[in-house]
Amino acid sequence: MKRRSFLKGTVASSMLGVAAGAGLLTPQSVLAAWPKAAFEAKSVDGGMEAALGSSDVIESGDIKIKAPDIAENGAVVPITISTGMSGVESIAIFIEKNPIPLASSYDLGPTTQGFISCRVKMGKTSDLIAVVKSGGKLYSAKKMIKVTIGGCGG
Amino acid sequence: MAKKKIRIRAKVKGDVTEIKALMSHPMETGLRKNKKTGEKIPAHFIQDVICEHKGTQVLVAHWGVAISKNPYLAFKFTGAAKGDTIKVSWSDNKGESASAEAKIG
C-alpha cells in the first residue's frame with residue numbers, strides 16, 4: 001500500500017513539473033493569483049478577511065473617495081480613491097449591497113502612489129467602502145452612493 | 001468576439017507619472033439574462049490586470065464582476081522618465097488575455 005501511494009505521489013509531482021515546464025503555470029500567474037475566495041464572499045467582512053487577511057479596520061480621514069452622490073446609471077459609476085499615506089501596500093474597493101461586495105483589489109508596487117481610479121457597477125444604493133493597507137494595518141473610508149438605475153442583472 | 005484592445009495614456013508631471021488605460025471587454029457578470037431566450041449569459045470578465053514599468057510590476061489589479069464594461073483604470077507612480085515603456089496586460093476568466101505597450105510622454 002505504501003509503495004502504491006508513493007508511486008501516486010511521484011506521478012502527481014512529475015505532472016506538475018511538466019505543466020510548469022510547458023508554461024501552463026508561469027511564475028507570474030502564481031504570484032498574482034486571483035483571490036477566488038475573496039470574490040465569492042457574500043459579506044463585506046468575509047471578503048475583507050479573504051482579500052486582506054483581516055476585517056479589523058480603522059476609520060481614517062486620510063482616504064478620499066471621489067464618486068458621485070447620486071449615480072444615474074449604476075452600470076457605470078466612476079470612482080477615485082486617493083490617500084496621502086506613504087507605503088501603501090494595497091487598496092480594496094467594497095460595495096456593501098452588491099451580490100459580491102468585493103469589487104476589486106489592487107496590489108501596489110513600492111513606487112506606486114495611493115491613487116486608483118476606475119468605474120464600477122452598483123446594484124442599488126449602497127455604501128462604498130475603500131480599504132487601504134499601509135504598514136500592515138487596514139484603514140477604511142465610506143461613502144454613500146445613491147443609485148437610480150441598477151447595474152446588476154437585467 | 002469583441003476586439004481585444006487596450007488604449008494607454010501615460011504622462012509625466014514632475015516626478016509623478018499618471019497612467020490611464022482603457023480596455024475593451026464585455027465584463028459579463030453571469031447574473032444577466034438574455035431577454036429573448038431567458039437564458040443566463042455566462043460570466044466573462046477580466047480577473048487580473050498587470051502594469052509593468054521596465055519589467056517591474058507597479059500595479060496588480062484583481063477585478064471582480066463589479067467592474068464596468070470596457071474597464072477604465074488610472075493610477076500614479078514615481079520613478080519613470082519620458083520615453084520609458086509601460087506595459088499593461090490583462091487576463092480573464094475564460095483564459096483570454098491581451099497586452100499593450102505605450103511610451104511615457
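The values are calculated or read from the model by the stated rules, or taken from the named source; none is laboratory data. Fair warning: this is a prediction, and the values are worked out from it, not measured in the lab. With ideal geometry, Cβ positions are generated from the backbone for all residues, glycine too; neighbour counts draw on all protein chains shown.
For the range B:1-19, which positions are within 11 Å of another protein chain (Cβ to nearest Cβ) and either of a type in the set (Asp, Glu) or buried (at least 16 other Cβ atoms within 10 Å of the Cβ) (or both)? Across the range B:1-19, the qualifying residues are B:Asp15, B:Thr17, B:Glu18, B:Ile19.
Any idea which of B:Pro26, B:Pro42 is farther than 20 Å from A:Ile79 by Cα and part of a loop (DSSP other than H, G, I, E, B)? Don't jump to the end; show me each part of the working.
Numbers: B:Pro26 fails: farther than 20 Å from A:Ile79 by Cα.
Going through B:Pro26, B:Pro42 in turn, the sole match is B:Pro42.
Has the range B:43-62 got any residue that is more than 20 Å from A:Gly47 (Cβ to Cβ), facing chain A (nearest Cβ under 9 Å) and among the polar types (S, T, N, Q)? Scanning the range B:43-62 turns up at least one residue that is more than 20 Å from A:Gly47 (Cβ to Cβ), facing chain A (nearest Cβ under 9 Å) and among the polar types (S, T, N, Q). The condition (being in contact (Cβ under 8 Å) with a residue 12 or more places away in the chain, closer than 29 Å to B:Thr17 by Cα, within 11 Å of chain B (Cβ to nearest Cβ) and touching a Leu at 6+ places or on another chain (Cβ under 7 Å)) is satisfied by just one residue among A:Leu108, A:Leu128: A:Leu108.
Looking across the range A:61-82 at every residue that is among the charged types (D, E, K, R) and part of a strand (DSSP E or B), the one that is farthest from B:Ile67 (Cα to Cα) is identified as A:Lys64. Output the residues belonging to the range B:63-104 that are facing chain A (nearest Cβ under 8 Å) and in a strand (DSSP E or B). Passing the criteria: B:Trp63, B:Ile67, B:Tyr72, B:Leu73, B:Ala74, B:Phe75, B:Lys76, B:Phe77, B:Thr78, B:Ser91.
Which of (1) modelled with pLDDT under 85; (2) within 24 Å of B:Pro26 (Cβ to Cβ) is the odd one out, the single condition A:Ala103 does not satisfy? A:Ala103 satisfies all of (1) modelled with pLDDT under 85; (2) within 24 Å of B:Pro26 (Cβ to Cβ) except (1). Is there a residue being farther than 30 Å from B:His25 by Cα, at pLDDT 90 or above and surrounded by 10 or more Cβ atoms within 10 Å (Cβ to Cβ) anywhere in the range A:34-55? Among the residues of the range A:34-55, not one is farther than 30 Å from B:His25 by Cα, at pLDDT 90 or above and surrounded by 10 or more Cβ atoms within 10 Å (Cβ to Cβ), which makes the answer no.
Within the range B:20-42, the set of residues being among the hydroxyl-bearing types (Ser, Thr, Tyr) and either touching a strand residue (DSSP E or B) at 6+ places or on another chain (Cβ under 8 Å) or more than 7 Å from every other protein chain (Cβ to nearest Cβ) (or both) comprises B:Ser24, B:Thr37.
Quick check on A:Ile100: is it at the interface with another protein chain (Cβ under 7 Å from one of its Cβ atoms) and touching a Leu at 6+ places or on another chain (Cβ under 8 Å)? Spelling it out, it is not the case that A:Ile100 is at the interface with another protein chain (Cβ under 7 Å from one of its Cβ atoms) and touching a Leu at 6+ places or on another chain (Cβ under 8 Å).
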